[in-house]
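Here is the structure we will look at, set down as structure tokens.
The values are calculated or read from the model by the stated rules, or taken from the named source; none is laboratory data. The structure presented is a predicted model; accordingly, all values stated were derived computationally and were not measured. FYI the Cβ positions are ideal-geometry reconstructions off the backbone, even for glycines, and counts take in every protein chain you see. Quick note on the areas: whole protein, heavy atoms, side chains included, nothing else; ligands and nucleic acids left out. Shrake-Rupley method; radii C 1.70, N 1.55, O 1.52, S 1.80 Å.
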Amino acid sequence: MSTFKRTILLAVPAVATFGAMAAWTNLGHADAPADTGEAFPLATHDLLPHPSGRHVAFGRVDENEVLEQPIAYSHMLHAGTLQIDCEYCHSNARRSIHAGVPSTETCMNCHKMIDTTGRPELDKLKGYWERQEEIPWMKVHDLPDFVYFSHKRHVRAGVACQECHGQVQDVMTVAQRVAPLNMGWCLECHKTHPSVNENYGAQAELRRAEMKDCYTCHK
Ligand code: HEC
Ligand code: HEC
Ligand code: HEC
Ligand code: HEC
Ligand code: HEC
């Protein structure tokens, strides 16, 4: 990570918490959805112009960008054809903030028994295993550090992985980002998701009010 990005990461929480929030409400952003009646910035935007000129926030990759990963692993093969459950590999999704990526050992639960002859990608996997190294997967999703997001709460409420990550098992080899990850995206679902009515019944409106409270996502 460049020093510049680090500086932003450090600077933003303070700025976002003190003062700036009030200022933002009055700025008016050209790319914000016009018809929501919400006063704060809903669309993706950078606090400072990004040095590369690209519209990315804090190391996030572009929507639908396909990153080159260290091994040509395929979600379509594993989660689609072979129907391996998402949580077999992303086993932290139900119990922690991060879903996590699988360890080399998780891959080897199966691949110890699969012949690598003439298959360079599987030779690479075996190499990491023999050197006892974790595979340096490139991160696809990355929210700015001043946003609090937890997988556990969403997964346990019954929000499907695919609602936020797309039909990974049908259309993706390596994972791609399909959601904008901006504030408007979070808030829109918080306003409308049916699980809140199911899980909270008479308290649903109260819960929805909590779910749009600034403090819920900006601690
Ligand atoms: C449901 C979660 C959620 C809630 C509730 C929420 N935010 Fe955000 N907010 C986000 C996310 C996600 C981002 C990052 C968006 C991006 O990178 O473009 C963000 C970004 C921001 C930023 C912009 C920082 C920048 O880079 O320009 C400000 C300011 C902000 N929020 C203020 C608020 C205020 C004020 C409230 C309450 C009225 C609020 N937020 C409620 C999720 C939330
Ligand atoms: C409500 C939306 C939502 C749901 C549901 C969801 N994710 Fe995520 N996922 C995100 C966001 C937002 C990030 C980025 C988090 C960050 O950068 O802190 C992310 C990041 C990830 C990552 C990157 C590593 C990490 O944990 O940061 C993996 C892997 C992942 N999700 C897998 C899954 C799987 C598998 C499921 C279902 C069991 C799932 N997600 C459900 C929104 C969601
Ligand atoms: C539950 C079992 C299982 C797990 C876990 C698993 N795989 Fe696989 N993988 C398979 C099977 C079965 C095949 C198809 C083998 C065949 O065609 O003979 C395969 C095929 C592959 C291939 C394609 C090989 C080729 O060139 O045709 C790659 C690459 C691969 N896996 C990498 C991984 C990685 C990396 C992980 C860990 C993130 C992993 N696999 C986890 C069962 C698994
Ligand atoms: C056999 C193991 C395995 C299974 C099953 C699996 N994944 Fe993954 N997943 C990986 C690996 C390895 C990566 C890192 C490489 C990549 O980004 O494609 C990854 C990356 C991801 C990412 C991006 C993480 C980031 O860096 O932001 C998401 C999102 C994701 N998976 C969602 C899912 C969903 C949804 C399912 C079920 C439909 C699923 N995965 C099933 C192994 C698996
Ligand atoms: C697809 C729908 C959906 C999206 C998109 C979504 N959420 Fe949520 N979120 C929910 C639901 C449903 C709950 C309520 C879970 C519960 O109360 O059991 C929730 C609850 C939360 C909570 C409350 C957790 C707690 O401990 O009280 C936080 C924080 C949160 N979301 C952050 C985010 C952020 C940040 C984003 C955007 C990056 C986001 N969510 C995007 C559906 C979504």
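Ranked by the mean number of other Cβ atoms within 10 Å per residue, highest first, peptides 88-98, 108-118 order as 88-98, 108-118. Per-residue accessible area (protein heavy atoms, 1.4 Å probe) orders Thr106, Thr81 as Thr81, Thr106, starting from the largest. Taking all C-alpha pairs of region 51-186, those more than 19 Å from each other amount to 56 percent. Projected label points at Ala157 and Trp185, each 7 Å from Cα along the beta carbon direction, are separated by 1.6 nanometres. Let's test the formula: R0 of 22 Å, r as the Cβ-Cβ distance of Glu63 and Met138. What FRET efficiency results, to the nearest 0.05? Rounded to the nearest 0.05, the efficiency is 0.90. Heavy-atom accessible area, probed at 1.4 angstrom with all protein chains present, ranks Glu198, Glu121, Glu210 as Glu198, Glu210, Glu121, highest first.
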